[in-house]
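**Q** The following block contains the structure, expressed as structure tokens.
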Amino acid sequence: MNPHRQLVLDKINDILSSTPDDYEDRLTQMVEEAGQVFVGGMGRSGLVTKFFVMRLMHAGYKAFVLGETVTPAIRKGDLFIVISGSGETGAMITNAKTAKEKGARVVLISAKSSSTIADIADEVLQIGTDDSYAKVKGLPMGTMFELSTLIFLEAQISHVIHEKGIEEEEMRSRHANLE
């Protein structure tokens, strides 16, 4: 295999191998208990956010990407999931505080075990460990957090599909048909 591909795959495997296995059950329970699910992130984490919200919607949840014009108000009983490698993204700090003030539960998915958003959040799901993200030439500026988080969240959706017994045809019926 191409050595650059192998480098990326090996690093993702290392990070996800050091991510606790119980996160899937914990996150599934939080999503199940929520009235609505809001997910926010900036930059590349924002792109991962869109992948995840689309799959939550396909699985039958009321899920929204933060900042879209059709995103409704957050309320008590809702869930706000923040995806931020650093846990220090200014806009996400403000949004996490607002979500808490409105009575929503806040979950941070991050590369860091402690941060400003972690202090606000009800739960922190750390992808990897604090040592997982040492600089590696060829894997710049958060690449491994975003890729590992994307794969973690795709596995999360797989977990939900199995737990709820959702058939692919049911998910496909929710897929956009105006494209």
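**Q** Could you please give the count of residues in the range 120-139 that are of a type outside the set (D, E, K, R), in a strand (DSSP E or B) and under 16 Å from residue 88 (Cα atoms)? Give the derivation first.
**A** The initial filter retains those residues of the range 120-139 that are of a type outside the set (D, E, K, R), namely 120-121, 124-129, 132-134, 136, 138-139.
Okay, now just the ones that are also in a strand (DSSP E or B), so 124-126, 136, 139.
In the following step, the residues that additionally are under 16 Å from residue 88 (Cα atoms) were identified as 124-126.
Qualifying residue count, the range 120-139: 3.
**Q** Any idea how many residues of the range 151-171 are touching a residue at least 40 places away in the same chain (Cβ under 8 Å) and not in a loop (DSSP other than H, G, I, E, B)?
**A** To start, the set of residues in the range 151-171 that are touching a residue at least 40 places away in the same chain (Cβ under 8 Å) comprises 151-157, 159-161, 163-164, 166, 170-171.
Cutting the leftovers down to not in a loop (DSSP other than H, G, I, E, B) gives us 151-157, 159-161, 163-164, 170-171.
Total meeting the criteria: 14.
**Q** Among the residues of the range 25-41, what is the count of those that are touching an Asp or Glu at 6+ places or on another chain (Cβ under 9 Å) and under 15 Å from residue 155 (Cα atoms)?
**A** 4
**Q** Let me ask another. With respect to the numbered conditions (1) surrounded by fewer than 18 Cβ atoms within 10 Å (Cβ to Cβ); (2) hydrophobic (A, V, I, L, M, F, W, C); (3) in contact with a Ser or Thr (Cβ under 8 Å, 6 or more places away or on another chain), which one is the sole condition not fulfilled by residue 9?
**A** The one condition residue 9 does not meet is (3).
**Q** Mind checking which pairs have a first residue in the range 48-75 that is among the aromatic types (Phe, Trp, Tyr) and a second that is in a strand (DSSP E or B) and surrounded by 15 or more Cβ atoms within 10 Å (Cβ to Cβ), Cβ under 7 Å, 6 or more apart or different chains?
**A** Pairs found: 52/39; 61/37; 64/38.
**Q** Out of everything in the range 29-76 that is surrounded by fewer than 17 Cβ atoms within 10 Å (Cβ to Cβ) and among the hydroxyl-bearing types (Ser, Thr, Tyr), what residue ends up being farthest from residue 168 (Cα to Cα)?
**A** So, considering only residues that are surrounded by fewer than 17 Cβ atoms within 10 Å (Cβ to Cβ) and among the hydroxyl-bearing types (Ser, Thr, Tyr), the one farthest from residue 168 (Cα to Cα) is 69.
**Q** May I pose another question? Among all residue pairs at least 6 apart or on different chains, which show Cβ distances below 8 Å where the first residue, located in the range 29-43, is over 16 Å from residue 110 (Cβ atoms) and the second is of a type outside the set (Phe, Trp, Tyr) and part of a helix (DSSP H, G or I)?
**A** 31/56; 31/160; 37/31; 37/53; 37/56; 38/99
**Q** Okay, moving on. Name the residues in the range 14-41 that are more than 13 Å from the chain's Cα centre (by Cα), closer than 17 Å to residue 151 by Cβ and assigned to a helix (DSSP H, G or I), would you?
**A** Across the range 14-41, the qualifying residues are 14, 15, 16, 17.
**Q** Determine which member of the set 127, 120, 161 is modelled with pLDDT of 95 or more, surrounded by 14 or more Cβ atoms within 10 Å (Cβ to Cβ), farther than 16 Å from residue 23 by Cβ and not polar (S, T, N, Q).
**A** Values: 127 fails: farther than 16 Å from residue 23 by Cβ; 161 fails: modelled with pLDDT of 95 or more.
Of 127, 120, 161, the one residue that is modelled with pLDDT of 95 or more, surrounded by 14 or more Cβ atoms within 10 Å (Cβ to Cβ), farther than 16 Å from residue 23 by Cβ and not polar (S, T, N, Q) is 120.
The values are calculated or read from the model by the stated rules, or taken from the named source; none is laboratory data. Predicted, not measured: the structure shown is a model, and the values here were computed from it. Cβ coordinates were reconstructed from backbone atoms using ideal geometry, including for glycine residues, and neighbour counts include every protein chain displayed.
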